[in-house]
Every structure is written in C-alpha cells, then in structure tokens.
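K.L.:
Here it is: the structure, laid out below.
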Amino acid sequence: MDQDANLGYISRADHVPLYTSRIIKAGALLPDTKTLLSHLDSSESVKPNLQRLQRENIFGKASRSRVEDIAGIFRQRYLTEPSVIRALVTLVRERLPASALDRILYFHAVKADRLLHDVVTEIVGPMIASGLSDISVDKVQKTVARWVKEGKTTSTWSEYTIVRVSRGLMSALRDFGILQGAVHKRIAPTYVPVTAFAYVMFYLKEHQPSGAKLVEHPDWRLFFLPREGVERLLFEAHQRGLLEYHAAGSVTRLSFPATALEEYAHVLAQRSH
C-alpha cells in the first residue's frame, strides 16, 4: 500500500493534480454514508462527532483501523463545508428519495477525489460523447498507468497498486450508478433527478453567482450534461417550483425559494414526497 494513501487530494504549486490511492480503502459507501449522516449531531464539530460515532460503532465494523479509514474518507468527501454537512443531514433525516440523494452524494464524493473526478471527465465522458458504452478495467488501468508516468500521483505506484486502484474506481462508479454490471461494466444511462440537479445548482450558485456561467459550469460534466441538458433541467425545476429561471438573450436570472443550502435541502425533501 502506498504510504500516501491516507492523504486527501493535494495540489502542487503548478496546480498539477496529485492522485491518491485512497479509493482502494473505500468505494461509494452509500449505506454507511447515510448511517453516518443520520447520526451526526449538527451542534458538534466534525472531530468529536466522528470520535463519538467510532465509539458507538455505528458501522458495525470489526476492525478499528477500518473504521478510521472510513471516517477519514467521510471527512474528505462530505465534512469539509459546514453548510454541506447541515444540508446532507437534512436530506437524510427527511428522507429524500435515494435516486436523488445518491446523485448528490456522488457529486460531493467526486468533487473531493481528483482521481475519481478525472476518470469521470476524461474517460467516461468522452466515451459517452463517442457513443461507446462498454468500459473495461484494462482501459482504466492503461489511463491510470499513464497518469502515474506523468507524475500525477502522490508516489510512484506499482502495477499491483494500479490494478487495485482501477478496480476500486470502477466499483465505486458502479455503486454510484455511473456504471452498471457485475463483471463486464457498461456505462449506465444518464439520469439526473430534478431535485438532485436543483441541489447542485444551488451549491454551485453559492460558489459562482453568475447565472449565465452556471449553465456552462464545468461540474455539469460530472453528470454528462451538455448546455441543452442543463437548460432543460432548469426549466423542469422552474415548472416544479424548485427555483425560478428566466433567460432572455444574454440576461439570465436564477433565484431559489431559500437563502441557505440547509434551508433549500429542507425545501427539496418536502417537495419530493
């Protein structure tokens, strides 16, 4: 195992992404993630929350080191922004349908792991654009091996590590619903529930206020959505009262029935039932 496997995504001064092998230790972990979020105490900070949940053994894992690995991955994916923590806890406790919640968890997980992000945008996305659907672990391995040679990893990976990382990536993407198939993987049909789309749009708007730029935000590549797809979902969300969207020429106006992500999460959960 690489000594840097426990590190999160790091960036050099020249902004070359450094990939970690952390995906070996945990895939999508969707059931465990929902268990964690359902037990979080929003009045506590992250560290005492994780310590308490480890003591209570809510995951039912036999190995203490395994629980520590999972806790570290949760922290990296979902527990770095207080607004996101509160919103995700709200979505889980108010039972947002799994089809939408899983897409939201996928979004945050991929944003937090540069290697997973780049596999989605540089391997899966171009395949979809080319009309291809069958994806082999060999294809992923070859690309990961090239990235290792290009110095994009936190350390030099052996062929064994490359194989394990590639399998871990494909398993995670299968569990997140991006791929399908037990042995022979295929790219699953693109599906983004309008509530998940609206959540991501609100999140992105907090980081990029320009409505016009949001339609072409690069993060929509994580859902394989071209501009037309984003606009279609915007109109659908508008019709469902999840947001207000008006576009006239170069002027775009986008507003939401909430001012904070946690409040908006409550709106989405209520309107999904």
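K.L.:
Compute the distance from the alpha-carbon center of region 116-139 to that of region 170-212, in whole Å.
P.N.:
14
K.L.:
Separation between the THR259 and ASP175 pseudo-spin-labels, each 7 Å from Cα along Cα→Cβ, expressed in nm?
P.N.:
3.9
K.L.:
Another question, then. Enter the Cα centre distance for the pair region 72-105 and region 143-160, rounded to the nearest angstrom.
P.N.:
Result: 31 Å between the Cα centres.
K.L.:
If you don't mind, there's one more thing I want to ask. Per residue of the chain, what 222 nm ellipticity follows from adding -39500 (n - 2.57) for every DSSP H run with n ≥ 4, rounded to the nearest 500?
P.N.:
Calculated mean residue ellipticity at 222 nm is -16500 deg cm²/dmol.
K.L.:
Which links in LYS47/LYS205; LYS111/LYS205; LYS111/LYS142; LYS47/LYS149; LYS25/LYS149 stretch past 25 Å when you go from one Cα to the other?
P.N.:
LYS47/LYS205; LYS47/LYS149
K.L.:
So, with +1 on the Cβ of K and R and -1 on the Cβ of D and E, and no other charges, what is the size of the charge dipole of region 93-164 about its Cα centre, to the nearest 20 debye?
P.N.:
Roughly 160 debye, rounded to the nearest 20.
K.L.:
Okay, next question. Which residue, TYR203, TYR160, TYR106, tops the fluctuation ranking in a GNM of the chain built on C-alpha contacts under 10 Å?
P.N.:
Looking only at TYR203, TYR160, TYR106, the biggest GNM fluctuation is shown by TYR160.
K.L.:
For LYS185, list the aspartates and glutamates whose Cα falls under 16 Å from its own Cα; do not include residues on the same chain fewer than 8 positions away.
P.N.:
ASP134, ASP138, ASP175
K.L.:
Taking just the alpha-carbon atoms of the chain, what radius of gyration and Dmax come out, in angstrom?
P.N.:
Expressed in Å, the Cα Rg and Dmax of the chain come to 19.0, 59.
K.L.:
Still on this structure, please answer the following. Along each principal axis of its Cα atoms, how long is region 194-271 end to end? Whole angstroms, biggest number first, please.
P.N.:
Principal-axis extents of the Cα atoms in region 194-271, largest first: 31, 26, 23 Å.
Only the coordinates and a few stated rules stand behind these numbers; no lab work does. Please read these numbers as outputs of a predicted model, since none were measured by experiment. Every residue, glycine among them, receives a Cβ derived from its backbone with ideal geometry; neighbour counts consider all protein chains shown.
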